[in-house]
Structures are given as structure tokens and as C-alpha cells.
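For reference, the structure discussed in these notes is given below.
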Amino acid sequence: MHERDFFDERPETRPQTMTCPFCRRQSEYGVRWIRRTRKPQVPRGANERDRAMFAKLRNYLIRVDDTVTCTTCRRRFDVPSHQSIMFLE
């Protein structure tokens, strides 16, 4: 089974404060994420290895947007890549 079979996916937008590297103005941008929530039970057809993997899974977010557009100067810049996956508790 694939890892996607164990999760429900839902799009989500979270605000993030960033500074434009061109005009140096700080602003809040909506960054798109995909929320992967673990299903309540193991899907049908899972073997023992899949059940063991399912027991260890956690909910997490995956960032979709890699660039945003500055609200002041309208230039595109990259979102810092140090946080592209975020685990949820």
C-alpha cells in the first residue's frame, strides 16, 4: 500500500509573515498547505507491515507554494525552504 492510502488530504491556507528581499517591506502572505490527517482505521487489504507502519504515522502539513508575490512591489520571491513539512500534534 502507498502512504497516501492511510491519509485524508485537505487543502489549507495559513498566514505567514515574510520580508520581501527586493523592497525590504514586511507583510503577511497566505501560503497554501495540504493537511494530511491519518484515517481512523487501517484500510482494507493491509498486511502486517502496513499495520505496523499505520501505528507510527502522524498528522502533518506539506507546503504547496514555493513562491509568493510581494504586495508592495509585485515581484515574486521564494518562500524560505527550511520548513516545507510541518508535523502536527
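On the basis of being surrounded by 14 or more Cβ atoms within 10 Å (Cβ to Cβ) and part of a strand (DSSP E or B), does PHE54 make the cut? Working first, answer last.
On the way: surrounded by 14 or more Cβ atoms within 10 Å (Cβ to Cβ): yes; part of a strand (DSSP E or B): no.
For PHE54, the condition - surrounded by 14 or more Cβ atoms within 10 Å (Cβ to Cβ) and part of a strand (DSSP E or B) - is not met.
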Filter result (in contact (Cβ under 8 Å) with a residue 24 or more places away in the chain, more than 21 Å from MET86 (Cβ to Cβ) and of a type in the set (Lys, Arg)) within the range 8-66: ARG25
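Quick grid of which residues meet (1) surrounded by 12 or more Cβ atoms within 10 Å (Cβ to Cβ); (2) not in a loop (DSSP other than H, G, I, E, B):
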position: ARG4; (1), (2): no, yes
position: PRO11; (1), (2): no, yes
position: THR17; (1), (2): no, yes
position: PHE22; (1), (2): yes, no
position: SER27; (1), (2): yes, yes
position: VAL31; (1), (2): yes, yes
position: ARG35; (1), (2): yes, yes
position: GLN41; (1), (2): no, no
position: ARG44; (1), (2): no, no
Neighbours by Cβ (under 6 Å, 6+ apart or cross-chain): first from the range 78-89, closer than 24 Å to CYS20 by Cβ and at pLDDT below 90; second surrounded by 10 or more Cβ atoms within 10 Å (Cβ to Cβ) and of a type in the set (Lys, Arg): SER84/ARG63
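Check the range 75-86 and report whether any residue there is within 17 Å of GLU12 (Cα to Cα) and outside any loop (DSSP other than H, G, I, E, B).
Initial filter on the range 75-86 (within 17 Å of GLU12 (Cα to Cα)): 79, 83-86.
Subset that is outside any loop (DSSP other than H, G, I, E, B): 85-86.
Yes - at least one qualifying residue is present in the range 75-86.
The values are calculated or read from the model by the stated rules, or taken from the named source; none is laboratory data. Quick caveat: nothing in here was measured; it's all calculated off a predicted structure. Every residue, glycine among them, receives a Cβ derived from its backbone with ideal geometry; neighbour counts consider all protein chains shown.
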